[in-house]
Amino acid sequence: MLCHIDEIPDGGARGFSLAQGKVFALKKRQKLYIYLNRCPHLGLPLEWEPHAFLDAEGLYIKCANHGAFFLPESGECIQGPCLGDSLWSIDYELVNGLIMIAEEELPALPAPI
Ligand code: FES
């Protein structure tokens, strides 16, 4: 369980550290998206400040390391060193408003480069 869906503001994002890895959730136009917090460029976490996953306008997911931009709806990189690659999308279920993800949704990945 990550949190209640109402704890993520529309147009905002929130990061979570789980035993199996880091993920973040964002809400855009009342739709929720969850991704592994791992940039496809070097495998690093995307944010330098807690929960700061979006660009200044809140339009795109941004990697703080080398400035890659990703589409919130698909996780596809549209600008930056990993152009064309995508963030790892994580399926979820809502149970009474609680965001639930299955353990098997989190892949076993190698350490960052
Ligand atoms: S680690 Fe994300 S753009 Fe380089």
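The values are calculated or read from the model by the stated rules, or taken from the named source; none is laboratory data. Just so we're clear, the structure is a prediction, and the values are computed from it rather than from any experiment. As a convention, Cβ positions derive from the backbone with ideal geometry for all residues, glycine included, and neighbour counts pool all protein chains shown. Side chains included, ligands, DNA and RNA excluded: accessible areas come from the protein's heavy atoms. Shrake-Rupley method; radii C 1.70, N 1.55, O 1.52, S 1.80 Å.
Test residue 59 against the stated conditions and say whether it is closer than 24 Å to residue 99 by Cα, under 14 Å from the mean Cα position of the chain (by Cα), outside any loop (DSSP other than H, G, I, E, B) and at pLDDT 95 or above. The answer is no for residue 59.
The set of residues in region 12-25 that are under 13 Å from the mean Cα position of the chain (by Cα) and in a loop (DSSP other than H, G, I, E, B) contains only 12.
Among the residues of region 57-65, are any within 14 Å of the ligand (Cβ to nearest atom) and open to solvent by 70 Å² or more (accessible area, probe 1.4 Å)?
As a first pass, look at region 57-65 and keep what is within 14 Å of the ligand (Cβ to nearest atom): 60-65.
In the following step, the residues that additionally are open to solvent by 70 Å² or more (accessible area, probe 1.4 Å) were identified as 60, 62.
The answer is yes; a qualifying residue exists.
Based on what the data block shows, is residue 51 at positive phi and in a loop (DSSP other than H, G, I, E, B)? Spell out the reasoning first.
Numbers: at positive phi: yes; in a loop (DSSP other than H, G, I, E, B): yes.
Here the answer is yes, as residue 51 does meet what is asked.
Every residue in region 69-90 that is assigned to a loop (DSSP other than H, G, I, E, B), among the small types (Gly, Ala, Ser) and under 13 Å from the mean Cα position of the chain (by Cα), please. Within region 69-90, 74, 75 meet the criteria.
Looking only at residues in region 35-45 that are within 13 Å of residue 86 (Cβ to Cβ) and assigned to a loop (DSSP other than H, G, I, E, B), which one is least open to solvent (accessible area, probe 1.4 Å)? Lay out the reasoning, then the answer.
Within region 35-45, the subset within 13 Å of residue 86 (Cβ to Cβ) is 35-36, 38-41.
If we keep only those that are assigned to a loop (DSSP other than H, G, I, E, B) as well, we get 38-41.
Details: 38: 57, 39: 7, 40: 43, 41: 60 Å².
Only one residue fits best here, namely 39.
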